[in-house]
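The block underneath contains the structure these notes are about, expressed in structure tokens.
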Amino acid sequence: MKILDIRVSDELKSAWPQFKGAAVFAEVKNTAYNEELWKKIESFTELYRSRYTVDSIKEMPAIQATRQAYKKCGKDPSRYRPSSEALCRRILRGLSLYQIDTLVDLINLASINSGHSIGGFDLDKIQGDSLVLGIGKAGEPYEGIGRGTLNIEGMPVYRDAVGGVGTPTSDNERTKLSLDTTHLLAIMNAYSGNDGLEESVNFMIGLLKEFAEAKDIRLVYFE
């Protein structure tokens, strides 16, 4: 399993110096559906709805920081919502989470738990040996998962040797997870900094071990 060099570009550091990232590399087994995971998701959803409202989540440090980072980079976070906020808003509106597959489902749970957007990638589909977090350019090609062409100008974006693979709003079709994925890269994007990051990452790793038979786990922090 390859371990990528992940770094933050000077332009992103300049726009949002508080950023901290945590990359989890793991050998995994994906499945179409996991009943025990969904019991956990449903219990978590009930608890979450008892604590928060659609209005109150905007004040959560992780979500608020991601929204502010979007503005600093040049993107409207209300028009292009970060995925963590979109997931939280969905369940607080009384809707269930989309059921995709076990890896995507557990990453979505980890994202709601932390408030951080999490990129989930098939490591074997990433081109080259590194990822760089920069800011999207005008006209830069990007196909969001289930979204078609996505305008990523002014949006934080991870790029491999070919181009963009992940933004807080949507990951790219080219590197998306599937039932054939055996090597996972999950990146937790903490625009609010280090506070609570280690605990949130450990929660995600616990889900990976419990529901995706994760092994050979490597955790890399970067900034």
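The numbers here are math on the coordinates, done by the rules we state, and not lab data. Predicted model only: the values in this text are computed from it and were never measured. Cβ placement follows ideal geometry from the backbone for every residue including glycine, while neighbour counts extend to all protein chains displayed.
Before moving on, here are some points about what is shown:
- When only the Cβ of Lys, Arg, Asp and Glu is charged (+1, +1, -1, -1), the dipole of region 183-222 relative to its Cα centre reaches about 140 debye.
- When you restrict to C-alpha pairs under 8 Å that are six or more residues apart and normalise by the size of the chain, the relative contact order lands at 37 percent.
- Nitroxide proxy distance, nm - points 7 Å out along Cα→Cβ at Q18 and Q127: 3.5
- Cβ-based net charge around L4, under 9 Å, with every Lys or Arg adding one and every Asp or Glu removing one: -2
- From the alpha carbon centroid of region 156-183 to that of region 196-221 is 19 Å.
- Label point of Y221 set 7 angstrom out along Cα-Cβ; within region 108-132, amide nitrogens under 18 Å from it belong to 114-117.
- Within the listed set D129, D105, D171, the Gaussian network model of the chain (springs between alpha-carbon atoms below 10 Å) gives the highest mean-square fluctuation for D129.
- Inter-probe distance in nm under a simple model that places probes 7 Å from Cα toward Cβ, at R89 and Y33: 2.9
- Once the C-beta distance of Q99 and K71 is scaled by a Förster radius of 35 Å, the resulting FRET efficiency is 0.60 to the nearest 0.05.
- Filter on K75/K176; K71/K215; K2/K71 - keep pairs with C-alpha separation over 31 Å: K71/K215; K2/K71
- Most positive-pole-ward Cα, G154, N172, L133, against dipole of region 122-174 from beta carbon charges: G154
- Dipole moment magnitude, nearest 20 debye, region 103-223 about Cα centre, only Lys, Arg, Asp, Glu C-beta charged: 180
- This model, with +1 at the C-beta of Lys and Arg and -1 at the C-beta of Asp and Glu, gives the chain a dipole about its Cα centre of some 680 debye.
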